Amino acid sequence: MPYKRIKYLLFFLLFACWAMINALEVPLFLRWKSINTGAYCPHQTGKEIHWNEFYQIGIGIDSLAYKDLFATMELRSRANFIENYVELYRFDLSWAKSNCQIAAGSIPWGYGLPNKLYSFSPVSADQDQYRYQATRLNRVRLGFGFAENLMAIDIGGDNHNQVIGIFTWQRQFPFGYLKAAEEIRSQDNHWQTPVSISSLNTQIQKRDLVLEGQLAFSYLPNYNVTENHTTTYALVAGKYQIDDLTALFGSAEYLELEPTLMSYQQYRIALSRKISFFSLNPFYYLDYYDKSTFQRIGLSWDWHFCQTQRIGLIYYMEGSKLHKAKHNLGIQANLELGL
């Protein structure tokens, strides 16, 4: 077992023991996500049938509070063929009193979460990852709230992007929120070039309709071999609760990819229908990249044997041409236990 894995596990066990000794109620959680599929591709000579799988295990502390201190932490396994690596996925420790907030931690960071509103999305390795300018932010935050506004400054970074500074303003409304941010990184994700990232993020909720939108704009100046240019990211997603048993989800995503700056677009539509303890979830994805297209159409049948647990069968076919598509059939699980 690698030294880093032992270190994280020992830290977690020591904290749990300390909490029990001090009779502190710790909101622990355990999570499991997996998908195992057999694939049949009649047009792939020599490999018509093959097997795919993905596992992710999480353990952590959700919203632990002690006086004016608040903390969250999650350890995750990262599946890599026959080995799993445990990593500190998220850690946040904050102090809040009156209108002031001080926080420190290590968090995943970036722009665009296409599945944020879609709770029945097929299990995949990137289902909860940021789509644009994704990185890890090790930071200290200073925040100040007034009326329905929050202003915050984050200072930190990582070895890849070097120094990162973020200024955020957020306004809370009865029907949602509006957030604007300006971020400076001393190195871009692709180029070793300083980058400025300006973003707007909003969510609107009216009765049975929820809309989420995000726009991010990166500016890279003339620097060494990098030419002066910009890239853009946009995401619009919505969820409509048709009735108590039926929900409709849709999203549209636009991204300019380095280094060619060719556009990538993805459109998603999905429906979820509850039938007793089960749900039927048809979905359709359409991707555009340059002049090529990629489609995925499928259906999952999930058994909700507990409030936060689902396990079931999934079938989908995918490819640039559906009459030559690859067929996938498997079982997926998304399980969670809170203590």
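Every read-out reported here was derived from the displayed coordinates using simple, explicitly stated rules and does not represent laboratory data. The shown structure was predicted, so the numbers you read here are calculated from the model rather than taken from an experiment. As a convention, Cβ positions derive from the backbone with ideal geometry for all residues, glycine included, and neighbour counts pool all protein chains shown.
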Between 115, 224, 189, find the one with the highest GNM mean-square fluctuation for the chain; connect C-alpha pairs within less than 10 Å.
224
How much net charge surrounds residue 215 when only the other residues with a Cβ under 14 Å from the Cβ of residue 215 are counted, with Lys and Arg +1 and Asp and Glu -1?
-3
Rounded to the nearest 500, the 222 nm mean residue ellipticity computed for the chain from DSSP H runs (n ≥ 4, each -39500 (n - 2.57)) alone is -2000 deg cm²/dmol
Listing 67, 97, 116 from the residue with the fewest other Cβ atoms within 10 Å to the one with the most, what is the order?
67, 97, 116
What does the convex hull of the Cα atoms of the chain come to per residue, in Å³, rounded to a whole number?
173 Å³
In this structure, among 33/321; 33/326; 33/239; 116/206, pairs with alpha-carbon gaps over 25 Å are 33/321
Taking K and R as +1 and D and E as -1, what net charge do the other residues with C-beta under 10 Å from the C-beta of residue 111 add up to?
0
Report the one residue of 199, 218, 174 whose Cα lies farthest in the direction of the positive end of the charge dipole of the range 167-296 (charges on C-beta: Lys and Arg +1, Asp and Glu -1; origin at the Cα centre).
174
Bin by bin, in steps of 10 Å, what percent of the Cα pairs in the range 75-175 do you find, going until the bin that has the longest distance?
13, 33, 36, 15, 3, 0
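Relative contact order for the chain: what percent, with Cα pairs under 8 Å and sequence separation of 6 or more?
Relative CO of the chain lands at 12 percent.
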Across 241, 266, 307, the residue with the highest GNM fluctuation in the chain (Cα network, 10 Å cutoff) is 307
Charged-residue dipole, Cβ positions (Lys, Arg, Asp, Glu), the chain about Cα centre, Debye nearest 20:
400 debye
Run down the lysines and flag those whose C-alpha is under 24 Å from the C-alpha of residue 67, throwing out any fewer than 8 positions away in its chain.
97
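Report the Rg/Rh value for the range 203-339, based on alpha-carbon coordinates and the Kirkwood definition of Rh.
1.07
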Given +1 on the Cβ of Lys and Arg, -1 on the Cβ of Asp and Glu, and no further charges, what dipole in debye does the range 223-339 carry about its Cα centre, rounded to the nearest 20?
500 debye
Identify, among 115, 38, 63, the residue whose Cα sits farthest towards the positive end of the charge dipole of the range 20-117, taking +1 on the Cβ of Lys and Arg and -1 on the Cβ of Asp and Glu, with the dipole about the Cα centre.
115
